[in-house]
Amino acid sequence: MKLFFKRLGIFMVIIICFVTGMIISTKYFDLAHFPFKQESVHVLILGDSHTQCGIDDALLPHSLNLSESADTYFYSYVKLKRMFKANPQIDTLILGYADFNITDNQDRWLRSENINSFKLPIYFFLFDQDDFSDFIKINPTQLLEFSGTIFKRNFSHLYRIFAKEKINKFGIGGFLALEKQMENKEKSVNNKNINTTWKQSEIDILYLKKINDLCTTKNVKLILIATPTQNHSISGQNSKQVAFRNSHLKEAAYIDFSGYPLKNDNFADNSHLNAKGAAHFTVALKRVIINHNKQVIQR
């Protein structure tokens, strides 16, 4: 019996070492061959589902939208470092920014097993040593818990690399054209009183600051934007938000498009634009960027 358990233990160690070795080797192969280099891109767009569905990079010259649903600033920062390294020509970062983006809800998302069960395997290969260290501090067990999915996703990335897929086909972000049109019953929603319920993030907010610092170091213009919504439901204009921007994001521009006038048929739901709305909004955003309309850029 002792011999059996000894052999079983040796077998398990071999399996663990093999899987670990494959995860590490595929990570570095993915990293070495991933299509980071985007020579025509000067404007990078990052954020969550609001910028993912709201900004059509096909209509904004020399831009690339790598926003992804449920992305916290941690994952945006991981992406940004790799994109800056491969594309020194990038001179502008458009980053989604609204009330909820720096609340403790984002910290819950960053710790969420449900969210990280699909986020971590997709982004794992992008992690550098600091990212690993930070993630382990936030989620001590999830790297081990999702190691099997990480293993599979690394090979999925390999397949797409060999198939010469475009960068927006790997799951790390890309414009999403929603065809849905908001239904009548969705048009009336209670606007939450952010000023009384708002509790600032303690973890994810650090990565927003790191994004800001990295843009400053790289001499990249950081533009924070709130995308159009019904009833201004995710505007970044409450007093605590303004105080935070004035204190920590002094070099960044802020454009509040939350109240931008769009018809109901431009929305997929209360806070997301559909393809039609994204086209209208992107044209407006293009005018602001090109004309440097300082009247709508607020600190």
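The values are calculated or read from the model by the stated rules, or taken from the named source; none is laboratory data. Owing to the predicted nature of the structure, the values given are computational and were not obtained by experimental measurement. Reconstructed Cβ throughout: ideal geometry from the backbone, glycine too, with neighbour counts over all protein chains shown.
Say whether the condition of being surrounded by fewer than 21 Cβ atoms within 10 Å (Cβ to Cβ), of a type in the set (A, V, I, L, M, F, W, C) and part of a helix (DSSP H, G or I) is met by at least one residue in the stretch 61-74. Scanning the stretch 61-74 turns up no residue that is surrounded by fewer than 21 Cβ atoms within 10 Å (Cβ to Cβ), of a type in the set (A, V, I, L, M, F, W, C) and part of a helix (DSSP H, G or I). The residues on offer are S258, S271, and the sole one that is more than 30 Å from T217 (Cβ to Cβ) and either hydroxyl-bearing (S, T, Y) or part of a helix (DSSP H, G or I) (or both) is S271. Residues that are of a type in the set (A, V, I, L, M, F, W, C) and free of Cβ contacts under 8 Å to residues at least 40 places away in the same chain within the stretch 144-161 comprise L144, F146, listed in sequence order. Any residue at all in the stretch 160-169 that is in the same structural domain as L60 (by TED's automatic domain parsing), part of a helix (DSSP H, G or I) and touching a His at 6+ places or on another chain (Cβ under 8 Å)? Among the residues of the stretch 160-169, at least one is in the same structural domain as L60 (by TED's automatic domain parsing), part of a helix (DSSP H, G or I) and touching a His at 6+ places or on another chain (Cβ under 8 Å), which makes the answer yes. Scanning the stretch 182-216 for residues that are at pLDDT 90 or above and buried (at least 16 other Cβ atoms within 10 Å of the Cβ) yields S201, I203, D204, I205, Y207, L208, K210, I211, N212, L214, C215. Which condition number in (1) modelled with pLDDT under 75; (2) of a type in the set (S, T, N, Q); (3) surrounded by 16 or more Cβ atoms within 10 Å (Cβ to Cβ) is the one that S25 fails? Looking at each condition in turn, S25 falls short on (3). Looking at the stretch 160-169, can you tell me whether even one residue there is under 28 Å from Y254 (Cβ atoms) and in contact with a strand residue (DSSP E or B) (Cβ under 8 Å, 6 or more places away or on another chain)? For the stretch 160-169, residues under 28 Å from Y254 (Cβ atoms) and in contact with a strand residue (DSSP E or B) (Cβ under 8 Å, 6 or more places away or on another chain): present.
Against the definition (out of contact with any helix residue (DSSP H, G or I) (no Cβ under 8 Å at 6 or more places or on another chain) and of a type in the set (K, R)), how does K169 come out, yes or no? Taking the combined requirement at face value, the residue does not satisfy it.
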